[in-house]
């Protein structure tokens, strides 16, 4: 963002410089001069006068003062006009590049934010699993003590509880690292403690199609509009180089006073119209035109390639969004089934119908199903962020897609 803003400031300065060349130029100047004119140099020849000495060859030294205000105005200069139009398009492209940079920042921050929420959900899941494993460990220990279950069940329960404790430690560690990453991206101090209050949520898709999304992206993607403005600038640059062959019409004028000193000033002024026509430039204009046309061809190719990439990004984002939406639904059903299976296994174990191995397997199934659900929700939300980035205007579109968050 900092680099994009500085680049925009540079381009704005170039545009103002191009505009200044089209505006009137006012200047004030004063002169204190000392001269000795040669009559021969200015072609002054006076016949000799009989009885008088010959005229001197120079006027002799004399001083004078001159103060004027001058004005210069370009009346017709197609090169300057087209250069200004090109710089104006470059400024528009720079502004759009800042908007595109903001979308990139939204994507990076949104992804890191969702990663923290997913890690927080893993921590909560690990805590619940640890609590459940602790209860089963205590229950199994009591059954072994009462000689209802074999000692191997108690050993398995202890292993399961310690494994749950280790998963909680790892999940907590990953959460803290993800929070540091988010803080680094958004500019918070590294030692600043914070907590996110939004849970990992699922907002079903509605009214999203690849065709309408591609059309919208081609209209609203900031990087594509920036490339279009750069292409227009290249067109005006070609026109400016070709305009070097045209006449340039300008007017200059000055007004002020002049004399031996300020007390003896007389009114003086100059008004002149100027026209300049290039006759021979040694091929410079032709070379400038060729260079500008090559740049135009490159900008056209970049613009067409970016249009294709925008369509590709949107279609890929739609596919990822559809697939992740289906994954969330399946993972949610699997999670519910795994929890029901664990409840039934625990009841069967409590009633002595089965051994603890079935409970361990059910707990592992719940752990896997919970992780799959969290990962599928994370992938779905990241796919939603990627879709907003692909379509354009992610900063304004993303809250709507994520349910107002």
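No lab work stands behind these numbers, since they all come straight from the coordinates. Quick caveat, the model's predicted, so the values are computed rather than measured. A quick note on method: Cβ atoms are made from the backbone with ideal geometry, for glycine too, and the neighbour counts reach across all protein chains shown.
With one equal scatterer per alpha carbon and no solvent term, the Debye-computed log10 I(q)/I(0) for region 105-231 at 0.12, 0.21, 0.22 1/Å reads -0.72, -1.10, -1.15.
Axis angle, to the nearest 10 degrees, between helix 356-391 and the longest C-alpha principal axis of the chain: 20 degrees.
Applying 0.36 nm per residue to the separation of residue 173 and residue 28 and subtracting their alpha-carbon distance, the gain on full extension is 45.0 nm. Using only Cα coordinates, the Kirkwood hydrodynamic radius of the chain works out to 29.5 Å.
Restricting the calculation to Cα atoms, every distinct pair contributes to the Kirkwood radius of region 257-405, found to be 23.1 Å. Note on 210, 149, 350: ascending count of other Cβ atoms within 10 Å places them as 350, 210, 149, the fewest first. Taking a point 7 Å out from the Cα of residue 57 in the direction of its Cβ, the residues of region 4-42 whose backbone N falls within less than 14 Å of it are 37-42.
Only Cα sites of region 63-120 enter the Debye sum here, all with the same form factor; the resulting log10 I(q)/I(0) across q = 0.16, 0.19, 0.23, 0.30 1/Å is -0.75, -0.83, -0.93, -1.09, listed in q order. Footprinting exposure proxy ranking of 69, 271, fewest other C-beta atoms within 10 angstrom first, gives 271, 69. Taken over region 33-143, the convex hull of the Cα atoms encloses 267 Å³ per residue. Compared with the dominant Cα axis of the chain, that is its longest principal axis, helix 210-220 is turned about 30°. Seen against the Cα atoms of the chain and their longest principal axis, helix 222-242 is set at about 20 degrees.
For region 133-172, the calculated P(r) over all alpha carbon pairs, in 10 Å bins from 0 to the bin holding the longest distance, is 36, 42, 18, 5 percent. P(r) for region 228-293, from all Cα pairs and a bin width of 10 Å, is 17, 26, 20, 16, 14, 7, 0 %, short bins first.
Across the chain, Cα pairs under 8 Å and at least six residues apart give a relative contact order of 23 percent.
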